[in-house]
Each structure stands twice: as structure tokens, then as C-alpha cells.
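Data first, discussion second: the structure below is written as C-alpha cells.
The values are calculated or read from the model by the stated rules, or taken from the named source; none is laboratory data. Note that the structure is predicted; figures quoted are calculated from it, not measured. Cβ atoms come from the backbone with ideal geometry, glycine included; neighbour counts cover every protein chain shown. The accessibility values were calculated without ligands, DNA or RNA, using every heavy atom of the protein model including side chains. Shrake-Rupley method; radii C 1.70, N 1.55, O 1.52, S 1.80 Å.
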Amino acid sequence: TALMDNFTTVFGHVLRRTFFPVLQRAIGFGSAFEGWTAREEEVVYRVLVPLTPPRGHTFHLERDTDKQRPGRNFPVRVELECSCPREQPGANLLCLRHHRELVRRRTQQFNLLDTLCTSCYLDVRKTACWFCALVRSTWQRLPQSRTWRLVLLPSKRSCKLRLSNEEGSFRVKVLFGVRQGASDIFVSSRPGGARPPSTVWPETYAVAEVKFFRHVARQVPQDSSHLRCLQLLAGVLARKDFSIYSIKTIVMRLLNTVPVSRWHRRSFVLQLTDILEQLRLSLEEKHLENFFVGNQRLPEEIGLPPDVRAAEPPNLFHRLAQDPAAHCQAMEAY
């Protein structure tokens, strides 16, 4: 995260007088930040960069109405704010809403609707392309540029970086998100298992997942093997084309229901058996609920928006329920 902190500082100076999104401090998520890592040729660090609206703009999340897309998805509508006195609309000549073209001529800056939006909605692909261009143009300002070589890898909804030197290499995958209120839930540029339009931002629970695993680490015995279980099963089942996230969901659910005192290393085989049995039952039923949506038993430190807490949890095995051939293939792989 030191790399991303340096980028954020430089970006802050570059974007200070513009109408581009304000980039907040990156939040690490995924296995590398949760204490387990599936076996990969290169370590991949995944981070989420929260976006907040620039001055004169607001973000509004609108629930996607397309029922064919799995999960919960949100277009991010961008609106121009009025900065005029309440009793005199249009009186402020620097009001973006009432004097859009005048502000552009005076500041020599386009507003966000003219740059990273399609219609009035924040565009994921345009945002990713803009961010990658920022990285490319500012890399030489970072101290890391003196000892590391940076390569930007192809990506449409994220910014993928590969850093290498004589001692080794690692990758960073940067996603972008808009926080829902003051909660730990974001809408993000992550595709969400399908190929949504570029104006649709799927809901992500990645930040809440990191907080959940940190909470668990403070509760379980020191010799707990829950992370070892997750790492082993993720490595084995991924080769059988199982989603690592489905395994992670089952482990989180068991951690939230099985007494923490039972997660000793000596129970490692029993824990593996429980996880695999839960996977088998979920596959047979073609149903595995999202861990966070609708969950009333989460630790208090994890903030959920009221609508997420009250919502019906999406079925992570939605595709298996819709496609008999895919279900049959999954059962055979198990």
C-alpha cells in the first residue's frame, strides 16, 4: 500500500484544480490482505481506490433494474451542484449547474459529465483508462521508479500493474469504487462474474471481507487453521474450475456460526470435511447465499447499509440453477 499511498499523494497535486473524481487512500483486499494466498506464480495485491465527487458534483447510486444480471448492481448518476444563493438561482457565475460553459471557459477544465461519463452515468471503462494514463504520466515522480520497472497490463475495468527488478516481481490490480454512505460496502469496477455495461457498477463486499477476517483473527485460538483450510481448498478446487469465492463464502459462514473455540489446528481434517460437505450440499441445491447481504449476525464493526442488511441475499450459484449442463459439470468436478 506504500506504492498506492505515493500515487495518491502525487495524484492529489495533479488533480487539485480539476473536475475529475477525488481519489481516496487505497484499501487493500483479497487473500494477500486477509492472511491467506492461493498459489500463484506471482503475488497479486488487489486494492480498491474509493472515488468521491469533485467540487460542484454529486454521486447518486441507482439500483439496476435488469433482473438478468446476477447480484446487486448500481449505475452511478453524476449531477452538477448548484452553488447559487437559494433565493437567486443563476446568480453565481461559477455555478456548474447554471453556467456550465462559462465555468469551462474560465477554468479551462471540463466537468466530469464531459469526461468520464456516458450520458449522466460514471463510466467504468473511461475511469480505468483515465487512471492508467495518470499512472503512466506520474510514475517517474515516485521513489519506487528508481528501483522498480513498471509495466501496465491490458485491462478494461481496472488498472493492472506489474513491477519487477532483479530480485523479483509482483502485480497490483487496482479497482475503483464508490462507498455506500459511511458503510463498508462499495459499488466497484469489478465485473461481478458477468460482463455488465460500462455504466453499471456491481456491489462489492471486499472491504467488509477484510474487516471480517481481521475480526476473526482476534477471536480464534492462536493455532487456528481456518486460513490454512481456505488456502488449501482454494488451490485444489480452483484447478477444478470452482470459484474460489464460493469456498471463501462457505468458510466465512462457518466462521460466523461454529464456535471459535473449535477452530484448533488439531481439528484441521474435521474443518476440511465440514467445508467440503457444505460445498456438496450447496451444489446439490444449486444455492449458495451471499454472506453479507441480509446477514443479521455480523460483527458490529462491519458497517452495512440498511438496505443491504434487509435485502434478500443473492444466490452465488445462480448460473447453476439456470444451466443444467453447468450444474452437471460442477457436480462431476466435485
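Toward the positive end of the charge dipole of the stretch 89-197, with +1 on the Cβ of Lys and Arg and -1 on the Cβ of Asp and Glu, the farthest Cα among Cys129, Asn92, Val103 is that of Cys129.
The lysines within cross-link reach of Lys286, meaning a Cα-to-Cα straight distance under 30 Å and a gap of 8 or more places when in the same chain, are Lys67, Lys211, Lys240, Lys248.
Shape summary: the chain maps onto an equivalent ellipsoid whose semi-axes, from the alpha-carbon gyration tensor, are 39, 24, 19 Å in decreasing order.
Only Lys, Arg, Asp and Glu carry charge here, each on its Cβ (+1 for the first two, -1 for the last two); on that basis the stretch 219-333 has a dipole of about 420 debye about its Cα centre. Compared with the dominant Cα axis of the chain, that is its longest principal axis, helix 324-333 is turned about 60°.
Stretching the chain fully between Gln140 and Cys120 yields a gain of 3.8 nm (0.36 nm per residue, less the alpha carbon separation). Once you reduce the stretch 1-54 and the stretch 104-165 to the center of their Cα atoms, the two points are 12 Å from each other. Of interest is the spacing of the C-alpha centroids, which for the stretch 200-215 and the stretch 273-334 amounts to 15 Å. The aspartates and glutamates within cross-link reach of Lys156, meaning a Cα-to-Cα straight distance under 13 Å and a gap of 8 or more places when in the same chain, are Asp123. Available extension along the chain between Gln329 and Thr58 is 93.0 nm, counting 0.36 nm per residue and deducting the alpha carbon span. Axis angle, to the nearest 10 degrees, between helix 206-219 and the longest C-alpha principal axis of the chain: 50 degrees. If the chain linking Asn92 and Thr1 were pulled fully straight, counting 0.36 nm for each residue of separation and taking away their Cα-Cα distance, it would gain 28.6 nm. Average accessible surface for the stretch 219-333: 54 Å² per residue, computed with a 1.4 Å probe over protein heavy atoms with every protein chain in place. On the beta carbon distance between Thr107 and His287, with R0 = 41 Å, the FRET formula returns roughly 0.15.
Amide H to amide H distances under 5 Å link Arg72 with Glu203, where only residues 5 or more positions off or on other chains count and H is placed in the peptide plane. How much of the accessible area of the chain, in percent, comes from carbon and sulfur atoms when a 1.4 Å probe is used? Within the chain, the accessible surface is 49 percent carbon and sulfur. Counting only alpha carbon atoms, the long axis of helix 226-238 and the longest principal axis of the chain meet at about 90°.
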